[in-house]
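First up is the structure itself, then whatever we jot down about it.
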Amino acid sequence: CVCGVKGAETFDHGSSLSAKENVVELKDGVTLGKVYDGEAYALAAEEIERKGNGEVTIMYQRKGGVDFGNTAPKTVGEYTVKVCVAATAEWKEAEKTFDFAITAKPLSATATKEYDGNAVIPATLTGVIDGETVTATITMTSKNVGATVKEVMLAGADKDNYMLTVANVTASITAKTLKATATKTYDGTDTMPATLTGVLDGDKV
């Protein structure tokens, strides 16, 4: 068989009339996708199971997209990878698509502050990849000492690649330290009213 036209049929380069149907699968143990780590996710040709030694081409697109491209995805999302195997004299060309996802990287956070009359606390994050910008704000169930974590919110250019749940936050509000001055003329008792410094406006102490 020669590449070109023979009779009413057109033959692809490298194929033959006797070429058999090929199969494209993932090798045993290959798992698609990963947790976000700041690096592109690329399926390797060595992870593909096929018949023969036809050249393997791998392309990607965001799931539901229109065009496939050669650039492996890096950011969190759902994707489709298309694997194409070229024809050989023995095997026909074949292709197959596989869906996979890059999932958000879990973070943990700690936060504490002295009582300031506000339920919001900036947090210190653990797990952010060096060079990426992510910050977290924690809202407590109240502004008072003893409050627990109500909700968390991520911000920053890279926030969509991360996740932070209430269960992974340790936060607390500690009592505000005050100063007191007091003086009185001797009256035979051992107590006296004090003047406090540090009480927040509107608070009663």
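Details
- Those strands (runs of 3 or more DSSP E) of the stretch 127-175 in which at least 3 residues are over 28 Å from VAL199 (Cβ atoms), considering only elements entirely within it, cover 149-155.
- You will find that of THR80, THR88, the residue that is part of a loop (DSSP other than H, G, I, E, B), open to solvent by less than 40 Å² (accessible area, probe 1.4 Å) and out of contact with any Cys (no Cβ under 6 Å at 6 or more places or on another chain) is THR88 and no other.
- Selection over the stretch 186-205 of residues that are open to solvent by 70 Å² or more (accessible area, probe 1.4 Å), in contact with a strand residue (DSSP E or B) (Cβ under 9 Å, 6 or more places away or on another chain) and in a loop (DSSP other than H, G, I, E, B) gives a count of 1.
- Reported count of residues in the stretch 122-150, each being among the acidic types (Asp, Glu) and loosely packed, with under 12 Cβ neighbours inside 10 Å, is 1.
- Pairing residues of the stretch 30-50 that are closer than 23 Å to ASP160 by Cβ with residues that are open to solvent by 60 Å² or more (accessible area, probe 1.4 Å), at Cβ distances under 6 Å and at least 6 apart in sequence or on separate chains, gives VAL35/THR103; ALA40/LYS74.
- Output for the stretch 151-185, where each listed residue is surrounded by 10 or more Cβ atoms within 10 Å (Cβ to Cβ), among the hydroxyl-bearing types (Ser, Thr, Tyr) and over 14 Å from ALA104 (Cα atoms): THR170, SER172, THR174
The values are calculated or read from the model by the stated rules, or taken from the named source; none is laboratory data. Just so we're clear, the structure is a prediction, and the values are computed from it rather than from any experiment. Glycine also receives a Cβ, built like all others from the backbone with ideal geometry; neighbour counts cover every protein chain displayed. Surface areas here come from the heavy atoms of the whole protein model, side chains and all, with no ligands, DNA or RNA. Shrake-Rupley method; radii C 1.70, N 1.55, O 1.52, S 1.80 Å.
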